[in-house]
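Values quoted throughout were computed directly from the atomic coordinates according to the rules given, and no laboratory measurement underlies them. It should be emphasised that the depicted structure is a prediction, and the values quoted were computed from it without experimental measurement. We place every Cβ from the backbone using ideal geometry, glycine too, and count neighbours over all the protein chains shown.
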Amino acid sequence: MLVRLLYASRATGAVDHDGMAAILKKSRAHNPAVGITGALCLCASSGVFLQLLEGGRGAVSDLYGRIAADPRHHGVTLLHYAEIGERRFGMWSMGQVNMARLNPVLLLKYSETPTLDPFTLSGATSMALFDELVATASIVGQG
Ligand SMILES: Cc1cc2nc3c(=O)[nH]c(=O)nc-3n(C[C@H](O)[C@H](O)[C@H](O)COP(=O)(O)O)c2cc1C
């Protein structure tokens, strides 16, 4: 029984390289034992996080609850949740989407302005945007 969950949130303060590295380190240490895979994206200019989690329903639900209570971000907003037959991010305990390689045209494709603002997008559109982010921006950091 697998599920996929996508949420967006706003970083509480500026997240520097070390801040992002700490989140990824914790994720990569914790997620394999509970069967969570996924990818995390931070748009540094807008301070918006976008994270996709996949795994068993209980494990995803537990982790989402923990993440939502983390003071490093706020405004945690569920964008998409679905039962799935198979994982898309099975090779990443938590991949990092490399926003430096992002083409702004992709953001314009789905948004009113070329900024990452998933709070204004539907669940289906934000999922489509995330899929394209991953396909075009590339994932860095091994899981
Ligand atoms: C944007 C964001 C994404 C996170 N993603 C994960 C994750 O995928 N896995 C994880 O274990 N913790 C993640 N965390 C950290 C958790 O919120 C929490 O700090 C951590 O799980 C607590 O672990 P501990 O009880 O072992 O200290 C994330 C935090 C933030 C701010």
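Key figures for this structure:
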{"quantity": "Among Gly75, Gln96, Leu129 - extreme Cα towards positive end, dipole of the chain, charges at beta-carbon", "calculated": "Gln96"}
{"quantity": "DSSP loop GluC sites (Glu not before Pro) with at most 12 other Cβ within 10 Å: longest gap in the chain", "calculated": "1-85"}
{"quantity": "Percent of beta bridges antiparallel (DSSP, the chain, rounded to nearest 5)", "calculated": "95"}
{"quantity": "Ascending count of other beta-carbon atoms within 10 Å, so fewest first, for Ser111, Ser61", "calculated": "Ser61, Ser111"}
{"quantity": "Cα-centred dipole magnitude for the chain, charges only on beta-carbon of K, R (+1) and D, E (-1), debye, nearest 20", "calculated": "260"}
{"quantity": "Kirkwood Rh in Å, taken over the stretch 84-143 so that all alpha-carbon pairs contribute", "calculated": "12.4"}
{"quantity": "Label point distance in nm, Ser45-Asp62, each placed 7 Å from Cα along Cα→Cβ", "calculated": "4.0"}
{"quantity": "Over the chain: Rg over Rh, Cα atoms, Kirkwood Rh", "calculated": "0.92"}
{"quantity": "As computed over the stretch 1-47, the Cα convex hull volume per residue (Å³)", "calculated": "82"}
{"quantity": "Length added when fully stretched, Ser138-Tyr81, from 0.36 nm per residue minus Cα-Cα", "calculated": "18.2 nm"}
{"quantity": "Contour excess over end-to-end distance, with Cα ends at Asp70 and Thr125 and 0.36 nm allotted per residue", "calculated": "17.2 nm"}
